[in-house]
1. Going by amide H atoms built from the backbone, whose H comes under 5 Å of the H on Asp251, apart from near neighbours?
2. If we count every other residue with Cβ under 15 angstrom of Ile15's Cβ, Lys/Arg +1 and Asp/Glu -1, where does the sum land?
3. Rounded to the nearest 20 Debye, what is the dipole magnitude of the chain about its Cα centre when Lys and Arg each give +1 and Asp and Glu each give -1 at the C-beta?
4. For a paramagnetic label modelled at 7 Å from the Cα of Arg247 toward its Cβ, which residues of the stretch 195-224 fall within the zone defined by backbone nitrogen distances under 17 Å?
5. What does the charge count near Asn282 come to, summing +1 for each Lys or Arg and -1 for each Asp or Glu among other residues with Cβ under 11 Å from its Cβ?
6. If you average the alpha carbon positions of the stretch 193-226 and of the stretch 4-62, how far apart do those two centres end up, in angstrom?
7. When only alpha-carbon atoms count, how far does the stretch 47-96 stretch along each of its three principal axes, as whole angstroms with the largest first?
8. Using only the Cα atoms, work out Rg/Rh for the stretch 110-250, with Rh taken as the Kirkwood radius, to two decimals.
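Every number here is computed from the coordinates shown, using simple stated rules; none is lab data. Source: prediction; values computed, not measured. Positions of Cβ are generated from backbone atoms using ideal geometry, with glycine treated the same way; all protein chains shown enter the neighbour counts.
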Amino acid sequence: EDKLIRGKVIADEIIAELREEVSSLKEKSGKVPGLAVVLIGEDPASQVYVNSKEKMANSLGYHSVKIVLPLDSSQEAVLAVVEELNNDPAIHGILVQSPPPPQIDEEQIILNINPQKDVDGFHPSNVGLVFTGAKDGFPPCTPWGCLELLKRSKVETKGKHAVIVGRSNIVGKPMASLMIQKGVDSTVTICHSRTADLGAEIRRADIVIAAVGIPEFITGDMVSEGTVVIDVGINRVDDETRPRGYRLCGDVDFESVAPKASLITPVPGGVGPMTIAMLMSNTLLAFKRIENIG
Ligand code: NAD
């Protein structure tokens, strides 16, 4: 359908652009970007994410390292791995897959990643750089992917009312900070679990960005005609009729919302592939900054 924002197709375009740049930089410098992904334990969903990041990095010709630590790893053991990667000249990007097991203090781990290698953009130094509009931060991959989807779909953001549902540090808050940047120029409302009348807020939106974590939570009655809908949610819902016993769906009820939306992202195939593309883009950026090339 015409109103679909095909994230997978747009992500493939970005990946092709990156592939070209990586190969020309390799020719010039003899070096390639290096990405290290640290996984603590073997949570199946996290494994899927980590494997697809590793596969994509390999396919782009990056140096790619996957480190799987035991589920009962101590904080010190994880910090030691981070320190080693901070000091490894072949590694330009480091990420520790979230969520870590409960004995791990994630905040402290993030604080110990060299901000220059923090390609997830979660280090407070990067959060601050992005918030102030400085050029040398790393925007977090998911919100940046959403913005890139809007840009490449030629959605006008200037002066438009963007309603963001969710206030997490990895999606909602940084999304708001990107949408109010000069050049994007949206007027932003941030909604969350204590918002009094969510439907009323969303009905006033030109652009809705849903990052709630509740399957098919936003329904057609909450959305006005002509709204652009970006669905960040990735939820597994039991479904006996599917071979795996579940299906993936977003935080938006596609059935009832799509008829009213002017543009809408599907799940899967919307924001998800963009997150990985932007991670690869940030890793290339880290490489260029650290190696002082490009
Ligand atoms: P989170 O659980 O940290 O945050 C959810 C937010 O939703 C909270 O800020 C909360 O205030 C808000 N919320 C909860 N109930 C609400 C309600 N009834 N009304 C209004 N707001 C409510 O989740 P997150 O990490 O921001 O992720 C959100 C979703 O996006 C999840 O489905 C997650 O799987 C998905 N996600 C996708 C990607 C991707 O690559 N596409 C990346 C990260 C997260």
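1. Glu216, Val232, Gly233
2. That works out to -1.
3. Here the chain has a charge dipole of around 860 debye.
4. 214-220
5. Residues near Asn282 contribute +1 overall.
6. Each part reduced to its Cα centre gives a spacing of 32 Å.
7. Largest first, the stretch 47-96 extends 33, 27, 10 Å along its Cα principal axes.
8. 1.01
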